[in-house]
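Asks: Dumping the structure here so I can ask a few things about it.
The values are calculated or read from the model by the stated rules, or taken from the named source; none is laboratory data. Keep in mind that this is a model prediction, so the values were computed, not measured. Every residue, glycine among them, receives a Cβ derived from its backbone with ideal geometry; neighbour counts consider all protein chains shown. Surface areas here come from the heavy atoms of the whole protein model, side chains and all, with no ligands, DNA or RNA. Shrake-Rupley method; radii C 1.70, N 1.55, O 1.52, S 1.80 Å.
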Amino acid sequence: MMKPYVILISSASGIGKSTIASEVANTLGIKYLIETDFIRAIVRGIIGSEYAPALHKSSYNAYTTLRDTYNFKSEEELITAGYEEHASFVIPAIEKVISRCVLDNDSIVIEGVHLVPGLINIKQFEDLANIHFFVLTVDEKQHQERFIQRALAIKRGGTQIDYFKENRIINDALVSQAKTLNIPVIFNNNKDTTVKKVLQYINEVSRIVFVRHKVDDIDLEREIITKHGGRITDISYYIPEFKEPLTRIVENYEDNTSSGKFINVIEHETKQKESLGTLYELSNNIHSHHLYAPDENKLNDIIQELKENNLLYDENLVKK
């Protein structure tokens, strides 16, 4: 039996997650689409404001209910803590919804600001469902424009206009936490492009590949991977004196443009390039990546081209 899809789409208010979630659900033929705001409304009916004051505020002003404000070093920390306190009351109910869908083998798309990376436990469903978690974002100017448009478009949105700063802080917190946990962060600049990228993540295949090359060949490796629509999410260095490889997360490698920025940083940051060169030397230029591609054919094309350019390395030699 094929495992159901559980697709989680999070962002701060005004980024456009509802539109993207609807498009993704329609494209994949998923009949269950739910906003976490609806789940929150049910939880509010069960837990009163005297027991959970943060729950009965909005995500962006829940911080006003916190009592230990002196423990926070900045306004950003305070607002983020209030937001997470607010979301923490909703997340157990969200997990119950996911559990029911998984039990019934039904796919679902869930969207909402309450989907906080690190707070919602998605690992418990990984063996039972195809879990995909996304955080959407836009630059500050575009966010403000959309935020105001959204606030004016909904009857209850008038008071939200005064809380853009708080929502932007929530956006930054979501993006930061997503990157820490290697959850895809997608810039929602264009609806069709965003939906296409989300679907690419959902449908892609992956494999661990071992390569051997010098720092100067990083751009060649990048060109081979991105021209076939591939990406990497990490790099593991195999240093002889270490029992386990030294692994770091690779960000901004989703396409040719973003990966080009990644290479540009390496080329122009002297200290970073020197440090990277040292790691390459210590590992005899041998490292591995989690390599992702849109489908099996493109994955094989990438691997074949890496081999043709003498970049591919036999993983069995690493394990000796």
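Asks: For the stretch 207-225, name all the residues that are within 24 Å of Leu181 (Cα to Cα), surrounded by fewer than 19 Cβ atoms within 10 Å (Cβ to Cβ) and of a type in the set (A, V, I, L, M).
Replies: Once the filter is applied, which keeps residues that are within 24 Å of Leu181 (Cα to Cα), surrounded by fewer than 19 Cβ atoms within 10 Å (Cβ to Cβ) and of a type in the set (A, V, I, L, M), the stretch 207-225 yields only Ile208.
Asks: Among Gly82, Gly112, which is the only one that is among the small types (Gly, Ala, Ser) and out of contact with any strand residue (DSSP E or B) (no Cβ under 9 Å at 6 or more places or on another chain)? Break it down into steps so the answer makes sense when it comes.
Replies: Values: Gly112 fails: out of contact with any strand residue (DSSP E or B) (no Cβ under 9 Å at 6 or more places or on another chain).
Exactly one residue qualifies, and that residue is Gly82.
Asks: Have a look at Asp216, Asp192 and point out the one that is under 26 Å from Leu282 (Cα atoms) and either free of Cβ contacts under 8 Å to residues at least 40 places away in the same chain or not in a helix (DSSP H, G or I) (or both). Outline the logic, then answer.
Replies: Numbers: Asp192 fails: under 26 Å from Leu282 (Cα atoms).
After applying the criteria, what remains is Asp216.
Asks: Sort through Asn252, Asn297, Asn264 and tell me the only one that's open to solvent by 70 Å² or more (accessible area, probe 1.4 Å), within 18 Å of the chain's Cα centre (by Cα) and either modelled with pLDDT of 90 or more or more than 13 Å from Ile235 (Cβ to Cβ) (or both). Break it down stepwise before answering.
Replies: Details: Asn297 fails: within 18 Å of the chain's Cα centre (by Cα); Asn264 fails: within 18 Å of the chain's Cα centre (by Cα).
Unique residue meeting the criteria: Asn252.
Asks: May I ask you to list pairs of residues, at least six apart or on different chains, whose Cβ atoms are under 9 Å apart, with the first in the stretch 115-134 being without any contact (Cβ under 8 Å) to a residue 40 or more places away in the chain and assigned to a loop (DSSP other than H, G, I, E, B) and the second being among the aliphatic types (A, V, I, L, M) and surrounded by 19 or more Cβ atoms within 10 Å (Cβ to Cβ)?
Replies: Leu119/Ala87; Leu119/Ile91; Asn121/Ile91
Asks: Quick one: count up the residues across the stretch 78-110 that are more than 24 Å from Ser176 (Cα to Cα), open to solvent by 40 Å² or more (accessible area, probe 1.4 Å) and of a type in the set (Ser, Thr, Tyr).
Replies: Count: 1.
Asks: Among the residues of the stretch 226-238, is there at least one that is out of contact with any Ser or Thr (no Cβ under 7 Å at 6 or more places or on another chain), farther than 22 Å from Asn300 by Cβ, at pLDDT below 95 and surrounded by fewer than 19 Cβ atoms within 10 Å (Cβ to Cβ)?
Replies: no
Asks: Anything in the stretch 1-26 that is in a helix (DSSP H, G or I) and farther than 19 Å from Cys101 by Cα? List them, or say none.
Replies: Correct list: Lys17, Ser18, Thr19, Ile20, Glu23.
Asks: Here's something else I'd like to know. Under the condition of being part of a helix (DSSP H, G or I) and among the aromatic types (Phe, Trp, Tyr), which residue from the stretch 39-77 is most open to solvent (accessible area, probe 1.4 Å)?
Replies: Narrowing the stretch 39-77 to residues part of a helix (DSSP H, G or I): 39-46, 62-65, 69-71, 75-77.
Applying the additional criterion that residues be among the aromatic types (Phe, Trp, Tyr) yields 63, 70.
On the way: Tyr63: 43, Tyr70: 177 Å².
Result: Tyr70.
Asks: Are any residues in the stretch 267-287 open to solvent by less than 90 Å² (accessible area, probe 1.4 Å) and assigned to a loop (DSSP other than H, G, I, E, B), and if so, which ones?
Replies: Scanning the stretch 267-287 gives Ser283, Asn284, Asn285.
Asks: Would you pick out the residues in the stretch 306-320 that are of a type in the set (Asp, Glu) and either surrounded by 18 or more Cβ atoms within 10 Å (Cβ to Cβ) or at pLDDT below 95 (or both)?
Replies: Step one: list which residues in the stretch 306-320 are of a type in the set (Asp, Glu), which gives 308, 314-315.
If the condition is that a residue be of a type in the set (Asp, Glu) and either surrounded by 18 or more Cβ atoms within 10 Å (Cβ to Cβ) or at pLDDT below 95 (or both), then Asp314, Glu315 are the ones that fit.
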